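> Submitted below is the structure of interest, expressed as structure tokens.
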Amino acid sequence: MTDTPGIYNPEDILKKEARGIGNADFGEVQEVSPEYIITQKGTLVVDKFYIPKSLLERIDDNTLWFKITEEEANKYKKHATKPLG
């Protein structure tokens, strides 16, 4: 576990779970940009969260913990539908 979430290798956090306050589920880390940690939740209806790095609270073995609730995370969410077939 790390107490300094600003110091990490972006490659090391890909595919980790992303959680928030109250164990809110933001899916799995898909990408790291200069400003955001991008997570994805769902299979047919996909929610992508573009969560500012400043909201990262801590990282443990399998999970990134953000200091926002599910309701607060909705402002960082984008919907997408995967095409069938």
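The values are calculated or read from the model by the stated rules, or taken from the named source; none is laboratory data. Quick caveat, the model's predicted, so the values are computed rather than measured. In case anyone asks, the SASA skips ligands and DNA or RNA and just uses the protein heavy atoms, side chains included. Shrake-Rupley method; radii C 1.70, N 1.55, O 1.52, S 1.80 Å.
> Between K77, K15, K67, K82, which is open to solvent by 90 Å² or more (accessible area, probe 1.4 Å) and modelled with pLDDT under 95? Break it down into steps so the answer makes sense when it comes.
Working: K77 fails: open to solvent by 90 Å² or more (accessible area, probe 1.4 Å); K15 fails: modelled with pLDDT under 95; K67 fails: modelled with pLDDT under 95.
Testing whether each residue is open to solvent by 90 Å² or more (accessible area, probe 1.4 Å) and modelled with pLDDT under 95 leaves just K82.
> While we're on this one: Report those strands (runs of 3 or more DSSP E) wholly inside the stretch 4-74 carrying at least 2 residues which are of a type in the set (G, A, S) and more than 10 Å from the chain's Cα centre (by Cα). Give the steps one after another, and end with the answer.
Values: elements: 17-19, 25-32, 36-41, 45-52, 56-59, 63-66.
The strands (runs of 3 or more DSSP E) meeting that bar number zero.
> Have a look at G6, G20, G27 and point out the one that is open to solvent by less than 90 Å² (accessible area, probe 1.4 Å), at pLDDT below 95 and of a type outside the set (K, R). I'd like the intermediate steps shown before the answer.
Details: G20 fails: at pLDDT below 95; G27 fails: at pLDDT below 95.
Of G6, G20, G27, the one residue that is open to solvent by less than 90 Å² (accessible area, probe 1.4 Å), at pLDDT below 95 and of a type outside the set (K, R) is G6.
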